[in-house]
Amino acid sequence: MNKNNDSGKAYRPSLHGKRGRRVRRRLYARRAALAGVLLAALALALCALPGMVRKPASDDSVPVASEAMPANADAPGEAVEDVGAPVAQETVQIGASDAPGAMPAPEESPAVDAVAETAAAPLLPELSPNPPLEQGADHPAWKYGYEVYTDGQRVGDSEFEALRFPETGGYTALEGVVTFRGGNLRQNGAFGSADLKSSSFKTLWSRRIGAIDSGYARWTGVGWTGQPVMVRWPDDLRRAMNIDPAFQDVDGLVEVIYGTLDGNIYFIDAKGGENTRPPIELGFPIKGSVSIDPRGYPLLYVGQGISKANGRTGRIGWRVYSLIDQRELFFLDGHDSLCLRDHGAFDGACLVDGSADTVILGGENGLFYRIRLNTRFDRDNMEISVAPQVTVYRYKSAVSKELGIENSVAACGGYAWFADNSGLLTCLDLNAMKPVWLLDTGDDTDASIALEREADGRLALYTVNQVDKQGAKGRCTMRRVDAMTGISDWSFSVNCTSDGDNGGGGFASPAVGAGAYTDYVYFNVCRTEGGGTLFCFDKKDGALVWHRDTGSASWSSPVLAYRQDGTGVLIVANATGRGMLRMYDPASGKKLGGIQLKGLIESTPAVFDDTLVVGTRDCRIYGVRLR
């Protein structure tokens, strides 16, 4: 899904659509109709041939064979110019609305908002995905081929340095939320615990940020996926960084790091909303979520969404910054000469295997990256550098009519999982850089995959697709898959709509229950018959435990916040109308509270203990207390 096109096509920034492709479809409709008649006749003739191969099954594991790929000419880049000055910002404390130039803080909302808690819209029965690809003997219908390159040179079957991501937690030794959905399993976006005595919200602070005009759209505030990092730094790192002296000696300081659509990366005190250090002026919209190094190294990783800003055109790609002095240490050009799609954005957040000093991430150019950082960190003198070696995995398939990886790659052990803009889900062996199995989800899949190692040793995978290529109406399918085989355990489909500008279905990543809710998994689906619907399923068999209509579309991923005893609340934000944060009982779906923020919320909140931080499209970032 090209929500952040950098080619100049006029897409509405707050909407997730593909008007360009819709127009092309209409232009080619007559030609396609004629071609369809001819192909149908050809298919009837071929079916009579012996050994005719049927398509692989959508919900069955499909081993893949390699097919040679054609050489690709260098993709065109874009001229690089200096970017403009940072957008002015201000912080507003509750009770400080009389300060000069201050923005009044929003009033606290009543415990229950205006959406009635009634029975949700009728659901479809459990269904299979779109017409499944039937498994063939050698599966040539995938037409899948891949190549691997290191520093631009093609490599054959090679053994790479072993990667090993945690299987049950322990992605980072740092205290906090260090990447999108918390870690390599992408299960949730919360750290620590909260009292939650009244199960309600209270606004702590709000602050203004800016916007960027790309010439064909205006990018305001914080967009999808837009989750901040929240981290409590070790004392020695906090004192060595360029943090404002007023905060360097604050024990327990929780720093919020937020990449935004106004082209800045903000550093904010989670308690009071003030700047802890100057923003990094990337200068172009950031649509994804930033990550920090899980080893506690002072490294920041961020992808860029748009290459046009306020009359300028610049480079587009993925960056590594030093958090000691905010220097850019490395730039990965999204217009890689190896890419099979000339779209250089990076919306997905990376993962880092610290023991192997290696980053993995996907790009909207259709490439999967494995990057050996070669980090040198002198902790005594607080100096850090990287000298990356870049390995690229590129592929093509019959399913992938539109390449591009917008979700944040999930990983466990020596394997990674990602899906592309056509709905092809891939399990990749990271140590051989070979595909293990493929699955056609039925449509564009931008929501990040969630993983969970279960007590019996099985690795469960949860995913959800959009309604995009299906047209104005289609099915959004939530499913659980055996992550090591690709065989579907269960699936559940609902009707959704899409008008070409507003996509439907699952943009939000699943939330995997733990503690008192270890039996449950949660999905937030937009543009259902109820406007938007929140689902709770039993992990084991896919039985629908409860569902609630939210009354509006939402692209924000649900977040589970826990008390120390393992009970807690489920928090969901809305993306239409005025932004609403709602709180639910994770076991029953009962609505517990809500708070109105200003501006629609496309972004995903992060939670550190009892403090939630989220941005809106109305150029605001909020700090909210969970009570």
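The values are calculated or read from the model by the stated rules, or taken from the named source; none is laboratory data. No experiment lies behind these values; they were computed from the predicted model shown. Neighbour counts run over all protein chains shown; Cβ positions are idealised from the backbone, glycine included. Heads up: the accessible areas ignore ligands, DNA and RNA and are worked out on the full protein's heavy atoms, side chains in. Shrake-Rupley method; radii C 1.70, N 1.55, O 1.52, S 1.80 Å.
Quick rundown of the values:
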| quantity | calculated |
| --- | --- |
| Nearest-20 debye value, region 531-627 charge dipole, Cβ charges on Lys, Arg, Asp, Glu | 280 debye |
| Ser385 paired with Ala472, simple spin-label distance in nm, labels 7 Å along Cα-to-beta-carbon | 6.1 nm |
| ³J(HN,Hα) computed for each position of region 603-618 - Karplus, 6.51 cos²θ - 1.76 cosθ + 1.60, integer Hz, glycine/proline x | 6, 9, x, 10, 10, 10, 6, 9, 10, 10, 10, 8, x, 10, 6, 8 |
| Residues Asp482 and Glu159, FRET efficiency given R0 of 35 Å [Cβ-Cβ distance, rounded to 0.05] | 0.85 |
| For peptides 616-626, 514-524, sequence by mean Cβ density within 10 Å, most packed first | 616-626, 514-524 |
| Rg to Rh, two decimals, where region 376-448 supplies the alpha carbon set and Rh follows Kirkwood | 1.15 |
| Amide H partners (placed H, <5 Å) of Ser509, local residues excluded | Ser448, Ser557 |
| Of all accessible heavy-atom area on region 395-513, the percent that carbon and sulfur account for (1.4 Å) | 47 percent |
| Carbon and sulfur %, accessible surface of region 278-390 computed with the full protein complex present, 1.4 Å | 38 percent |
| Cβ-defined net charge surrounding Asp251, 14 Å radius [Lys, Arg +1; Asp, Glu -1] | -2 |
| 5 angstrom amide H check on Val409, placed H, neighbours 5+ away | Ala349, Gly362 |
| Whole-Hz couplings from phi, Karplus 6.51/-1.76/1.60, listed for region 257-273; x for Gly and Pro | 10, 10, x, 10, 6, 7, x, 10, 10, 8, 10, 10, 6, 5, 7, x, x |
| Per-peptide average of other Cβ atoms within 10 Å, ordering 302-309, 244-251 highest first | 302-309, 244-251 |
| Accessible area per residue, Å², region 355-430 with all protein chains present, probe 1.4 Å | 25 Å² |
| Most positive-pole-ward Cα, Gly532, Val512, Thr497, against dipole of region 457-572 from beta carbon charges | Val512 |
| Per-residue HN-Hα couplings for region 405-418 [Karplus 6.51, -1.76, 1.60; θ = phi - 60°; Hz; x = Gly/Pro] | 10, 9, 7, 7, 4, 9, 8, 8, x, x, 10, 10, 10, 8 |
| FRET efficiency, Glu328 to Lys401 (Cβ-Cβ, R0 22 Å, nearest 0.05) | 0.05 |
| Estimated distance in nm for a label pair at Ala246 and Asp541, the labels positioned 7 Å out from Cα along Cα-to-Cβ | 5.9 nm |
| Heavy-atom accessible area per residue - region 173-293, 1.4 Å, Å² | 27 Å² |
| Residues whose placed amide H lies under 5 Å from that of Gly599, excluding near-sequence neighbours | Gly579 |
| Rh by Kirkwood over Cα pairs, then Stokes-Einstein D for region 396-508 at 1.002 mPa s and 20 °C, µm²/s | 151 µm²/s |
| Sparsely packed trypsin sites (Lys or Arg not before Pro) within region 171-228, loop by DSSP, other Cβ within 10 Å at most 14 | Lys197 |
| Contour excess over end-to-end distance, with Cα ends at Gln564 and Glu167 and 0.36 nm allotted per residue | 140.6 nm |
| Region 234-305 - convex hull of alpha carbons, volume per residue in Å³ | 88 Å³ |
| Region 242-271 versus region 179-193: alpha-carbon centroid distance in Å | 19 Å |
| Carbon and sulfur %, accessible surface of region 531-581 computed with the full protein complex present, 1.4 Å | 49 percent |
